[in-house]
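Inspection log for the structure reproduced underneath, given as structure tokens.
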Amino acid sequence: MYTAEISRDGFVSVSSAVRTSALSAVFSALAANSVYQARVWAVNFSGIPGQYSSAIVSTATASSAPLNAALPFQNLSANTLTFNWEPDGNSAGTSYNPEISTSSNFSAPVSSAVTINLNFLFTGLSANATYYARVRALGAGGSASPYSSPAVSTVTLALPPIPAATPFTEVLGGSFTFSWENGGNPPGTVYTAEISRDGFVSVSSAARTSALGAVFSALAANMVYQARVRAFNFAGVPGQYSSPIVSTATAISAPGNAAVSFQGLSAGGLTFAWGDGGNAQGTNYNPEISTSSDFSAPVSSGVTPGLNYVFTGLLVNATYYAHVRAIGVGGNPSSYAGAVSTVTWALAPDVPAAPFTGVSMSGIVFSWGAGGNPGRTRYTAEISLNNFATLLASSSTLSTGAAFAGLTPNTIYQVRAKALNFLGVESPYSAPIRSTTTLAAAPLNAEQPFTAVSASTFTLTWGDGGNPGGTSYAIEISSTAFAPGTAVFSAATLALSQTFSGLLANTTYHARVKAVNMDAIPSGYAASVTAVTLPLSPALASPPFSGVTSAGLTLAWAANGNPQGTTYVAELSRDNFVTVSLSSTTPNIPAVFTGLAPNTTYTARVKAVNFAGNSGAYSSPVVSTATLAVPPESAVPPFILTDSGLTALWLSGGNPPGTQYEAEVSTRAGFETMCASASVSGLSGTFALAANTTYYSRVRARNYNGVPTALIPVGSGLATYAALPAVSASTATGPVSVTTFSFTSAVSTGTGGLLFYRAAWDRTATHVWNDQEAAWSALGVMTTTAAGNGYWYLHLRSYNFNRLGYKTADIGPFHVALSTVMPPGQPVPVPGAFTATSGITWNWPPAIAFGDTAISTYVVSVGTTPSDFNVLSDFAIGPLASFTLDPAANGRTYYLKVRAIDEGGILSQYSPVSSPGVLVDRSAPERPGTVQADRKFSYDSNLLFSWPPSADGESGIKAYLLDVGTSLNGTDIFNAKDMGQELSCQAAGLPGGKSVYARVRAENNAGGVSDYSEPGAGVPVLHLAQTAPMTQPYNWPNPFDPAGGPTQIGFFLRAPARVTLKLFTLEGNLVYEETRAEGAGGNKVWTWTGRNGAGRLTAPGGYICLIEKRYSGKTERQQFKLAVLY
């Protein structure tokens, strides 16, 4: 047995030992790149060790490839970096060989070194350049390990830019251009230029550009700005700012005119205002005003840092022009802003103590003084009735006087005046207000100047002629046309009418009136007018009527003091003079009236008419009389038969409604014997007479005074109806079991001779007669037969000797009930075994009744089991072979049976119970779960959709209905596609360039449909060969959460190529690299799971994606940014 030992310190200590019977031993778990000493000794079979082998031998273990450090780069600058790595088991003191290169395959110039440390500082590097780094360990025997893999990379920082020799150009009031030099940075470097107004306590504006200059606009004029710039390397890391900071001032800008340029205007001063025009606060301004638009006249000016200036000591109602300019930081002025103008105010006019001339009924002239205003000043004169609470009229003029016309007579007016400057701005009013009164106008005669005219009085009325209320009027009347020396009646009033009394009847009077104003100045008279007093009322004679007939009468009266030649109007009325029926105008007495209505009461009156054609009062009281009646006339037909006799009819003959008539009836044409009579106010008389007998009638009228006319005959005689038949049956009415019936008549012949009858036998309680029914002789016996079950009736009508039938006997019912009814067939539910509606309908084959008997009704029984009819029991529904139960309870199963009843009341047996039973399920199935796709993106137009199952506790799930579309809840691909019981669907041929959405709902066996599932996430479908070339690479989704699946990275190849995908942190650290050979050009999509090369999840944040495309003979690189978010 042997014991082999190894040591790293010359066997001061033993590192490891192996006991074996072989002649060698394997040692493992050793430190890489370390020197080990070895020795061995033997042990005899008794376990006693011998001496160690001599001499001691030694060897060194191989070196191991170093590992990339978690943070491979530190101390980055524009020209240096420190590269770090891990030993990966190599012993302390191991030498390492780090290398960096600007080429990822280290084919470009390489900087290399040897160190025993785990980092190395590289200097003399290019600014803003991508460097790749790797390292290997050097063994104790001079052998080297493989290089660390993969190589890591970073980008050096950019250098500070240098302001240009002339950093500012194109300096304007609101913009300038800031320029710089690259400071040693390579082309393509991105710069950020900044400006500030406070030494970069804050930044006013910034611009990002790859050029060596930036334009800044929207700046404040006349303002000092500082500027600086810094560069960003290709990884987006900023460098230091340029030094020193440079500055410039923007150009001064002309001020702007204010929206309201002038304020505080008066007759001698104004305030001129302007806008800063973009100039900075604290800028000085130089305003000027002048009465000349070109500022050649004397100019008043000032200097102020404000935006307005007050000018005083100006001329009254004068035009002033104003402009302003800004003074720059260095004292240089801007151009003037455009001139603006205004006019100073005018002064109030002065008014003399007596300003009025030319006063008339409708006008005045008002005058005033200028009051210090210059020539050509415009004035406005105003007039009012209420001390200017309201304005009546105004006059605008360049003179110092104004005429007002169209005024009201006899009215006090107030006047005042004001001046207007040349812009129309008003001065204060003149003071004090002055007033005057216009003259009164002659009154106007009224259209009807006289009212309330009687035999001894009248009232005179006139118009004011334009005079106001309160004007005084003087009135005169005369019966001699105001002839000199004749009597004149006069009166004074403030009203527009005057009443005069004590006048003579039927006399002509003249009247006139004039107005007097408030200063007692009278107007002229209005033209005189005339009136005639009324006549006296006539007196009716006693008696007033004579010569009364059915069409005329004569009315008489006395003159009652009216003078000869007076005209009279006599009138008749049928409604007590609500209206006038007839009138007669005559200078004679009496008046004759003709053409009157018979048997009509007329009221009469008469009145006199004066010489002016005006009527006096009517005679009183009114009197009346009635005209005579006329004989009535026979009507066609003259008779109407009734149940008990007849009604005689006649015409009025011209008599009015309400006329009283006397009718008589006899069985003799000469009326030797009177059977009946009647006095009526209508045109018919009804008489109860003997049956089947001929009668004659006549009639006469009486007027309202009781005077009768002659009797006239009505018709030529008519027979009354025959008597009602009296019939007895051999069988009593009610239920019977026979079909043959006998009937016997028992009616006398009456006075009209032998009677006959017509008979009808049917199922109706009444009969519509057409006089074609079978005839039956009197006192005979009739036998008839029923043709089926039900109710039967005999109808018998009697006819008089003139063959007129009217009175009918209806005998019955006789209820025939024979044989049985065959039951209905088995009911069948219309919806089948399930329904979601509120009602259930059953149909069945109809029942069959005896003979021609019809089924009168069906009775149904409904239950929730085939044997328990607990919902309806023998419920009558009518003769239709169908029944609907509504509402039916949800969740219950229903059954129905039915039987029939015929017209005879015979009840059939029950039908078989309906089959199948109908389950009512109005509950919708449960909502299915969300539809899921088997992938988040489809590049082959195929997707597999699946969903969790639904449930329905009543009728069960029948099918799933799938919607698939290119919009949320869209159905343009599948619309309610019936999937049966399947829980998935393979969709092929999906349209490219769109996202596809899916949702599903469930349908139960009763037809109930669930709500739609929540829609699944849209799945983008891309046909890479049909999609536009992705010449600019990008990823989707972006940002993305690795927990939700990989992001898709799309790019375009011009031809087959070897493609390398690299992902860097924004600091330039490589986190992931993948290389593939793509055998064809076109759009390509790769995925990245969000994990680094070691399979660990990357940190959230921004990353740079670099795509290298190695074509035959050429390499292209493209990069873009993406974000990881979780």
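What is the set of long-range amide H partners of ALA318 at a cut-off below 5 Å, with H atoms built 1.01 Å from backbone N?
THR344
Over the Cα atoms of region 275-372, what Rg and Dmax result, in angstrom?
Cα only, region 275-372: 22.1, 76 Å (Rg, Dmax).
Amide H of ARG892: which non-local residues (sequence gap of 5 or more, or other chain) have their own amide H closer than 5 Å, using H built in the peptide plane?
It is VAL920, by chain and number.
Residues of region 207-231 with amide nitrogen under 17 Å from the 7 Å Cα-to-Cβ point of SER247?
Of the residues in region 207-231, 220-229 have backbone N under 17 Å from the label point off SER247.
Binned at 5 Å from 0, what are the whole-percent values of the Cα-Cα distance distribution for region 444-532, short to long?
All Cα pairs, binned at 5 Å, distribute as 3, 14, 27, 25, 17, 10, 4, 1, 0 percent.
What value does region 828-920 have for Rg/Rh, both radii from Cα atoms and Rh as Kirkwood defines it?
0.99
Tell me the Kirkwood hydrodynamic radius of region 867-1023 in angstroms, computed as one over the mean inverse distance between distinct C-alpha pairs.
When all Cα pairs of region 867-1023 are included, the Kirkwood radius is 18.9 Å.
Using the alpha-carbon centroid of each, what span in Å lies between region 860-894 and region 518-595?
If we compute the Cα centre of each part, the gap is 92 Å.
When you take every Cα atom in region 968-1049, what is the radius of gyration, and what is Dmax, the widest Cα pair distance, in Å?
Radius of gyration, then largest Cα-Cα span, for region 968-1049: 16.8, 56 Å.
So what are region 970-1126's ellipsoid semi-axes, whole angstrom, largest first, if each one is the square root of 5 times an eigenvalue of the alpha-carbon gyration tensor?
For region 970-1126, the ellipsoid semi-axes come out as 39, 21, 12 Å.
Taking the Cα centre of the chain as origin, sum charge times position over the Cβ atoms of Lys and Arg (+1) and Asp and Glu (-1), and report the length of that vector in debye to the nearest 20.
Taking the Cα centre of the chain as origin, the dipole is about 1580 debye.
Residue by residue, what Karplus-based ³J(HN,Hα) values in Hz, rounded to whole numbers, does region 438-451 have, using 6.51, -1.76 and 1.60 with θ = phi - 60° and x for Gly and Pro?
Ordered by residue, 3J(HN,Hα) equals 7, 6, 7, 9, 5, x, 10, 5, 5, 4, 10, x, 10, 9 Hz.
Where does the Debye-calculated log10 I(q)/I(0) of region 633-719 sit at q = 0.12, 0.14, 0.21 Å⁻¹, using only Cα point scatterers of equal weight, no solvent?
Values, matching the q order: -0.32, -0.43, -0.94.
Given the pairs LYS936/LYS977; LYS936/LYS1121; LYS514/LYS607; LYS1062/LYS1114; LYS994/LYS1114; LYS897/LYS977, which span a C-alpha to C-alpha distance of over 29 angstrom in this model?
The answer is LYS514/LYS607; LYS994/LYS1114; LYS897/LYS977.
Which FRET efficiency value, to the nearest 0.05, do you get for GLU672 and ALA597 by plugging their Cβ-Cβ distance into 1/(1 + (r/R0)^6) with R0 = 35 Å?
Efficiency, rounded to the nearest 0.05: 0.45.
Quick one: which residues, 5+ away or cross-chain, put their amide H under 5 Å from the amide H of LEU67? H built at 1.01 Å from N.
Those lying under 5 Å, H to H, from LEU67 are GLU86, ASP88.
For region 357-413, taking Cα atoms only, what is the radius of gyration to one decimal and the Dmax to the nearest whole Å?
Considering region 357-413 through its Cα atoms, Rg and Dmax are 12.4, 37 Å.
What list of ³J(HN,Hα) couplings, whole Hz, do you get for region 393-400 from phi and the Karplus terms 6.51, -1.76, 1.60, once you set θ to phi - 60° and write x for glycine and proline?
The phi angles translate into 7, 9, 9, 9, 8, 8, 8, 10 Hz.
Using the Cβ atoms and a cut-off under 9 Å, what net charge is assigned to the surroundings of ALA678, where Lys and Arg are +1 and Asp and Glu are -1?
Here the charged neighbours net out to -2.
Quick one: net charge of ALA231's neighbours, Cβ under 15 Å, K/R +1, D/E -1?
+1
Residue-wise, which Karplus ³J(HN,Hα) couplings in Hz belong to region 362-377, taking 6.51 cos²θ - 1.76 cosθ + 1.60, θ = phi - 60°, and x for glycine or proline?
10, x, 8, 10, 10, 10, 8, x, 5, x, x, 6, x, x, 6, 5
Running Debye on region 162-249 with equal point scatterers at the Cα sites and no solvent, what base-10 log of I(q)/I(0) appears at q = 0.15, 0.22 Å⁻¹?
Debye output, listed in q order: -0.50, -1.05.
If R₀ is 56 angstrom, what is the calculated FRET efficiency for the pair ASN44 and ASP1011, using the beta carbon separation as r and rounding to 0.05?
In this case the efficiency is close to 0.05.
Restricting to region 256-343, what percent of DSSP beta bridges are antiparallel, rounded to 5?
Looking only at bridges with both residues in region 256-343, the antiparallel portion is about 100 percent.
Just to verify a number: FRET efficiency for TRP769 and SER882, C-beta to C-beta distance, R0 = 35 Å, to 0.05?
Rounded to the nearest 0.05, the efficiency is 0.35.
Starting from the exponent 0.38 and prefactor 2.2 Å, build the expected Rg for the chain from its residue count and divide its actual Cα Rg by it.
Working it through for the chain, the quotient is 2.09.
Can you compute log10 of I(q)/I(0) for region 2-60 with the Debye formula, treating each Cα as one identical point scatterer, at q = 0.27 Å⁻¹?
For the requested q values the scattering log ratios are -1.22.
Provide the net charge surrounding SER537, with neighbours chosen by a C-beta distance below 12 Å and charges set as Lys +1, Arg +1, Asp -1, Glu -1.
+2
In whole Å, how far is the Cα centre of region 666-701 from that of region 714-729?
A separation of 17 Å, based on Cα centres.
With only Lys, Arg, Asp and Glu charged, each at its Cβ (+1 for the first two, -1 for the last two), find how big the charge dipole of region 839-996 is about the Cα centre; round to the nearest 20 debye.
Using only the charged Cβ atoms, the result is roughly 440 debye.
FYI, it's all coordinate maths here, none of it is from the lab. The shown structure was predicted, so the numbers you read here are calculated from the model rather than taken from an experiment. We place every Cβ from the backbone using ideal geometry, glycine too, and count neighbours over all the protein chains shown.
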